Amino acid sequence: SLEQNIPAIDFDLIITPTNHVSEDHDVVHISAFLSDDDYRSIEKKITRIKARKKQANATGLTSFFNRSLFETEKYFENQFDMIRYMAGRMVSLGFAEENYISAVIDREENASTSFDNLLAMPHTIEANTTRNIGSIIINRHPMKWGPFDVQIIIMIGVGRDDSLEFKEIFSNVLDVFDNEDNVERILQCTSYDEFITVLNSLTY
């Protein structure tokens, strides 16, 4: 009921029956006994917050997936050759240093980064790229990657100074790809612009 009672944690919305909370926060002022108007006000505010989050998520994913690191129909004999190619591209474009390649391979040798939804997400243990960056290859035909066949390979680069922001991006990526229909739509993409358009439509 008072400004000083607001906890020092991340939150989206404050619902309060008093006028002692500043409008610096997303606030819904309600009556002491909830009315239909109060419910409508809460619903309206939540809708606005969701829309704002969706736009922010889409913007974050668009900047995460770099146009220069989007490719289709790239095939290699095994996952390690694919990693060398994709990590090498990261290095050549200045997003990582040479040791990034061996770091991704070391991580893959410890445990496969493939999933049972046609996706592999090779990455390193530590944050060691210049910024949060994603390289993606979409293939029409599957390749063996550890225990699973994969058609979408997303190489993850975590920025040395952006690890907190990366957690949000990574969560959004997992949400998108943890759905068979979403994966199927992405598999149809043949260009970066088409991929980003589909990704934005799936981000929520």
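The values are calculated or read from the model by the stated rules, or taken from the named source; none is laboratory data. Please read these numbers as outputs of a predicted model, since none were measured by experiment. Because the Cβ atoms are built from the backbone with ideal geometry, glycine has one as well, and the counts that use them run over all protein chains shown. These area figures cover heavy atoms from the full protein model, side chains too; ligands, DNA and RNA do not enter into them. Shrake-Rupley method; radii C 1.70, N 1.55, O 1.52, S 1.80 Å.
Okay, here's what the table says:
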{"quantity": "Label assignment, Rg/Rh (Cα atoms, Kirkwood Rh) derived from the structure, set (1) 1.01; (2) 1.11; (3) 0.93", "calculated": "(2)"}
{"quantity": "Among Ser171, Ser112, Ser63: highest mean-square fluctuation, GNM of the chain, C-alpha pairs under 10 Å", "calculated": "Ser171"}
{"quantity": "Amide H within-cut-off set for Asn66, under 5 Å, with H built and near neighbours excluded", "calculated": "Gly134"}
{"quantity": "The chain: most fluctuating residue of Leu69, Leu187, Leu93 per GNM, C-alpha cutoff 10 Å", "calculated": "Leu93"}
{"quantity": "Projected label distance in nm at Asp175 and Lys44, using a 7 Å step from Cα toward the beta-carbon", "calculated": "2.5"}
{"quantity": "Choice from Thr16, Thr62, Thr72 showing the highest fluctuation, given a GNM over the chain with Cα pairs closer than 10 Å", "calculated": "Thr16"}
{"quantity": "Accessible surface of the chain [probe 1.4 Å, protein heavy atoms]: carbon and sulfur percent", "calculated": "50"}
{"quantity": "Å² of accessible area per residue within the chain, as computed with a 1.4 Å probe and no ligands counted", "calculated": "57"}
{"quantity": "Model label zone, Asp149; criterion: amide N under 14 Å from point 7 Å along Cα-to-beta-carbon; scope region 111-130", "calculated": "116-119"}
{"quantity": "Lys/Arg +1, Asp/Glu -1 at C-beta; the chain dipole; positive extreme among Ser112, Gln188, Val173", "calculated": "Gln188"}
{"quantity": "Shape call, region 71-123: gyration tensor on alpha carbons, a/c limit 1.5", "calculated": "oblate"}
{"quantity": "Calculated FRET efficiency for the pair Asn128/Arg67, C-beta based, R₀ 30 Å, to 0.05", "calculated": "0.85"}
{"quantity": "Relative contact order, percent, the chain [alpha-carbon distance under 8 Å, six or more residues apart]", "calculated": "19"}
{"quantity": "Highest-first arrangement of 174-186, 37-49, where packing means the average Cβ count within 10 Å", "calculated": "174-186, 37-49"}
